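Encoded as structure tokens, the structure appears first; notes follow it.
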Amino acid sequence: MTRGDHEVLNVLVIDDDTATRQLLVDIVSREEHQVLSAASAEEGLELLPIWTFQVAFIDQNLPGMDGIVLGEYLRRNNPEMTIAIVTGDGDARVERRSRDLALRYIPKPFLVEDILDVVDSWIDASRERERISLMQGGADYEPPFSTYMQDLTDCFAMPHVPGRIEDRLITTVRRCLNDLKSARRYTERDRVVALSGLLTAQVLGISLPRNSSGATLFEEYDQIMKDRGKATAFETES
């Protein structure tokens with residue numbers, strides 16, 4: 001959720017000490033985030049089916065379940081959540097275990113900056129995930145082949161490919177492209193085979209013939225993909 005340009009997070013605070021719990025709530029709330037608090041791990045767990053939390057601050061020495069046990073549970077079920085163990089006992093084992101579980105470790109007494117840094121770290125990580133997702137185009141990411149087409153030939157430098165290999169490659173690519181043009185015969189298998197063949201031709205330095213309309217097979221592939229609403233691969237080919 002956002003408020004103007006400000007991203008509003010849902011933050012969970014669990015501490016059995018009323019004063020510390022309220023202090024954490026006040027620090028985070030002043031940054032205009034939504035904060036829910038609980039006095040025990042069990043109370044915190046009751047909130048999970050109702051709320052999705054991006055950040056959690058958990059006291060280590062809680063009644064019943066220890067904070068590190070709850071932190072491990074949250075990490076296993078919420079891999080993108082930023083979780084901080086807040087403790088005043090100075091137990092080195094807790095610090096090591098926190099590090100092993102990718103939990104932040106904040107000793108008491110803490111600074112306001114320590115708490116805000118945890119919140120900011122989630123925002124930074126979220127923006128980085130979004131940047132990578134946009135760069136990759138999501139789950140259907142396809143490398144920018146057109147940018148590096150000539151590099152493929154230059155890197156592999158494999159001239160004088162036997163004629164039978166050229167003929168087989170050209171025949172296969174043309175057959176797949178013909179099938180891809182037909183809505184009835186279109187398959188993702190033929191799409192992959194055609195793309196692989198075109199890339200192989202570039203790698204091997206094979207000069208492919210043009211189709212009857214004068215377009216290269218690279219251009220023909222891209223046009224078919226545009227017609228099908230798929231990603232093109234050779235937009236700069238001429």
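Each value in this text was obtained by applying a stated rule to the coordinates, not by laboratory testing. Not measured: the values here are computed from a predicted model. Don't worry about glycine lacking a Cβ; one is built from the backbone with ideal geometry, like all the others, and counts go over all protein chains shown.
Below are the figures for this structure:
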read-out: Label-to-label distance, nm, for residues given as D124 and R184 (7 Å Cα→Cβ offset); value: 5.9
read-out: Linear extension gain, H160 paired with R131, 0.36 nm per residue minus alpha-carbon span; value: 6.1 nm
read-out: Interchain or long-range residues, amide H under 5 Å from R104's placed H; value: I83, A84, I85
read-out: Set of lysines near K181 by C-alpha distance (under 26 Å), chain-local residues within fewer than 8 positions excluded; value: K226, K230
read-out: Shape of the chain, Cα gyration tensor, a/c cut at 1.5; value: prolate
read-out: Three-way shape call for region 146-198 based on the alpha-carbon gyration tensor, with the a/c threshold at 1.5; value: oblate
read-out: Gain on full stretching of the segment that runs from L47 to R175 - 0.36 nm per residue minus C-alpha separation; value: 40.3 nm
read-out: Beta bridges per DSSP with both ends in the chain, % antiparallel, nearest 5; value: 15
read-out: Shape category assigned to region 6-134 from the gyration tensor of Cα positions, a/c cut at 1.5; value: rounded
read-out: The chain - mean residue ellipticity at 222 nm from DSSP helices (-39,500 (n - 2.57) per run, n ≥ 4, rounded to 500); value: -16000 deg cm²/dmol
read-out: Relative contact order (%) - the chain, alpha-carbon pairs under 8 angstrom, separation at least six; value: 12
